Number of protein chains: 2
Amino acid sequence: MYLPVKPDKVCVVQPAENQTIAELLERKSVRVFEPTPIPDDVKETILACGFAAPTAGNQMLYTILDIEDEQIKAQLADLCDDQPFIATAPWVLVFLADCRRWFDTYREAGDDPRTPGVGDLVLACEDALIAAQNMVVAAHSLGMGSCYIGDILENREKICELLTLDPWVFPATLLVFGYPTVQQTRRTKPPRFARQYIVMKDRYRRLSAEELRAMIEERGDQFDTFVPRFCARKYSSTFAQEMTRSVAEYLQQFAGLEKES
Amino acid sequence: MYLPVKPDKVCVVQPAENQTIAELLERKSVRVFEPTPIPDDVKETILACGFAAPTAGNQMLYTILDIEDEQIKAQLADLCDDQPFIATAPWVLVFLADCRRWFDTYREAGDDPRTPGVGDLVLACEDALIAAQNMVVAAHSLGMGSCYIGDILENREKICELLTLDPWVFPATLLVFGYPTVQQTRRTKPPRFARQYIVMKDRYRRLSAEELRAMIEERGDQFDTFVPRFCARKYSSTFAQEMTRSVAEYLQQFAGLEKES
């Protein structure tokens with residue numbers, strides 16, 4: 001059930017020995033779901049696993065929007081690089097990095113807290129992603145598929161309006177959940193880069209041209225044909241440029257906010 | 001082994017029914033480790049679980065620094081808000097959001113890619129955190145403790161120099177791993193906020209004063225005494241202000257970089 005790139009180097013625990021490890025290794029993204037709804041108690045279990053995740057200072061620096069409104073789901077599908085499966089996914093959650101809740105809490109306690117900065121925002125984003133990944137792992141262990149939608153970072157103006165986001169609240173990621181179709185469960189998990197290109201000892205260094213080529217080729221892609229096509233599709237593409245613009249404006253706006261009176 | 005805030009509302013799966021869920025719920029941060037070294041095969045298994053995590057476009061937008069140099073560990077302990085247990089932790093990993101590797105890959109393939117933007121940086125940070133959390137979960141399932149050190153965001157100038165970071169590489173988080181002491185395993189996991197303050201339906205809204213008070217009190221803390229002390233310790237503190245400054249400069253520098261010739 002797990003296809004390691006280099007079995008002798010990458011995976012040393014046999015899946016059967018540890019259920020959790022096996023699940024972490026085998027889990028892959030699912031974008032086609034059965035229409036079966038997810039029972040409420042299963043949702044609550046998955047949420048509880050998110051809440052149980054590590055969180056800076058036990059602060060839970062995130063808010064989760066449970067999107068049930070069909071019109072909002074449809075608009076999200078449109079705004080997130082036109083991915084219709086978001087509109088029909090059985091469970092759609094937006095994870096917000098929330099620098100508002102604690103600010104208001106401090107104010108309510110009579111403090112005069114400093115304006116949140118981008119450092120607070122990054123920490124809150126990280127908190128949100130840690131919780132999100134616990135939920136992805138929990139969902140998989142309960143037979144459920146999931147997919148991250150990074151495109152929630154795009155179209156800032158419309159996303160803010162649609163979800164009535166506070167200026168100190170940032171849409172860190174979107175997750176869709178549902179029971180996978182049979183075809184999806186049979187899909188091969190894409191192989192990852194080998195360890196030697198990802199892990200470095202003590203200090204950062206740029207990879208050499210030879211290493212970059214080997215990294216791509218060893219994964220099974222032909223460097224000179226795959227890379228330019230991938231660049232056009234993932235990096236030079238309209239959605240990637242829109243994401244860059246959108247996030248830059250989020251951060252600019254965030255950094256430029258005046259302290260509220 | 002799991003202490004839910006409100007057992008009737010939060011946790012519906014009994015731990016014994018699903019090992020993975022039980023582990024996600026019970027896992028707590030560990031800051032005191034036995035001196036026992038971590039066997040290489042265990043490290044490789046944990047890394048493999050990180051690599052297997054969801055990653056945008058299968059890009060693995062991160063680099064992991066395995067810090068073995070004792071002097072670097074000691075300096076990191078100092079620069080990360082003076083936390084000496086980092087220096088003695090058996091395994092110290094810095095997770096870098098890496099916008100350099102793919103840029104160089106595109107260049108090597110003859111492309112003229114756009115300069116990475118803060119949108120690319122945020123996406124890479126998220127990728128790094130998703131992988132990191134898979135490793136935290138894997139480590140726990142193998143009896144190992146871990147702790148996130150968000151303070152790696154501080155002291156930009158010194159961290160960049162110490163780890164020879166590229167301008168398009170950002171230290172997203174630091175994780176320490178090791179076998180927990182008996183006292184650490186007996187520590188009670190801190191209760192989280194109740195679901196109703198974290199999950200909202202369809203749209204964001206600010207919590208009312210009453211809700212903010214109830215959120216804190218229901219977790220077991222007295223609002224008017226706990227909140228001002230927490231604000232002083234976590235938000236108005238020197239380290240929090242340093243984090244805010246440091247990240248702002250990382251982003252400013254990142255956004256202001258000229259395209260390389």
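Details
- Charge sum, other residues only, whose C-beta stays under 13 Å from residue B:157's C-beta, Lys/Arg counted +1 and Asp/Glu -1: -1
- Kirkwood Rh, angstrom, region B:170-211 [1 / mean 1/r, Cα pairs]: 14.9 Å
- Exposure of residue B:158 as accessible area (Å², to 10), given a probe of 1.4 Å and all protein chains: 120 Å²
- Formal net charge of residues neighbouring residue B:62 (Cβ-Cβ distance under 14 Å; K, R +1; D, E -1): -3
- Magnitude of the charge dipole for region B:15-102, about its Cα centre and with charges confined to Cβ atoms of Lys, Arg (+1) and Asp, Glu (-1), is about 320 debye.
- With label points set 7 Å from Cα along Cα→Cβ, the inter-copy distances at residue A:203 are 5.4 nm, sorted shortest first.
- With label points set 7 Å from Cα along Cα→Cβ, the inter-copy distances at residue A:234 are 3.6 nm, sorted shortest first.
- Relative contact order for region B:23-105, counting Cα pairs under 8 Å that sit 6 or more residues apart, in percent: 34 percent
- Computed over neighbours whose Cβ is under 13 Å from that of residue A:186, the net charge equals +2, Lys and Arg +1, Asp and Glu -1.
- Percentage of interatomic Cα-Cα distances in the protein assembly as shown larger than 40 Å: 15 percent
- Signed unit charges on C-beta, dipole axis of chain A, positive-most listed residue A:188, A:130, A:39: A:188
- Each Cα pair of region B:73-139 feeds into the Kirkwood radius, which the Stokes-Einstein equation turns, at 10 °C and 1.306 mPa s, into a diffusion coefficient of 110 µm²/s.
- Pairs from A:201/B:73; A:43/B:201; A:73/B:201; A:73/A:158; A:201/B:28; B:73/B:158 whose Cα-Cα separation, in the structure shown, is over 19 Å: A:201/B:28
- Region B:46-114 and region A:186-261 have Cα centres lying 14 Å from one another.
- Selection from A:99, A:77, A:65, by position along the positive dipole direction of region A:64-104 (Cβ): A:99
- Accessible area, probe 1.4 Å, largest first, for residues A:101, B:206: B:206, A:101
- Helix B:40-51 axis versus longest C-alpha principal axis of chain B: approximately 90°, rounded to the nearest ten.
- Its convex hull of Cα atoms gives region A:193-261 a direction-averaged projected area, equal to a quarter of the hull surface, of 7.7 nm².
- Rounded to 10°, Cα long-axis angle of helix B:70-79 versus longest principal axis of chain B: 70 degrees
- Radius ratio Rg over Rh of region B:143-261, counting only Cα atoms, Kirkwood formula for Rh: 1.07
- With a simple spin-label model that places each label point 7 Å from the Cα along the Cα-to-Cβ direction, the separation between residue A:188 and residue A:161 comes to 4.5 nm.
- Remark: label point of residue A:115 defined 7 Å out from Cα along the Cα-Cβ vector; separations to the same position in other copies 2.5 nm, ascending.
- Seen through its C-alpha gyration tensor, with square-root eigenvalues sorted a ≥ b ≥ c, region B:13-89 comes out oblate because a/c lies at 1.5 or above while a/b is not bigger than b/c.
- Highest-MSF residue in chain B out of B:232, B:132, B:89 [GNM, Cα springs under 10 Å]: B:232
- Karplus-derived 3J(HN,Hα) values for region A:193-203, using 6.51 cos²θ - 1.76 cosθ + 1.60 with θ = phi - 60°, are 5, 5, 3, 5, 8, 10, 9, 10, 8, 6, 9 Hz; glycine and proline are entered as x.
- Order by protection proxy (mean Cβ within 10 Å, highest first), peptides A:217-227, B:171-181: B:171-181, A:217-227
- Projecting the Cα atoms of B:20, B:56, B:179 onto the charge dipole of chain B (Cβ charges, centred on the Cα centre) puts B:20 farthest toward the positive pole.
- Against chain B, whose longest principal axis is taken from its Cα atoms, helix B:209-219 shows a tilt of about 80°.
- Kirkwood hydrodynamic radius of chain B, from inverse mean 1/r over distinct Cα pairs, in Å: 20.7 Å
- Here region B:71-150 is treated with +1 on each Lys and Arg Cβ and -1 on each Asp and Glu Cβ, and its dipole about the Cα centre works out to around 200 debye.
- Per-selection Kirkwood Rh - region A:86-210 (Cα, Å, 1 d.p.): 17.8 Å
The values are calculated or read from the model by the stated rules, or taken from the named source; none is laboratory data. Worth saying up front: this structure is predicted, and the values here are computed from it rather than measured. Virtual Cβ from ideal backbone geometry, glycine too; neighbours counted across all protein chains shown. What goes into the accessible areas is simple: the full protein's heavy atoms, side chains included, and nothing from ligands, DNA or RNA. Shrake-Rupley method; radii C 1.70, N 1.55, O 1.52, S 1.80 Å.
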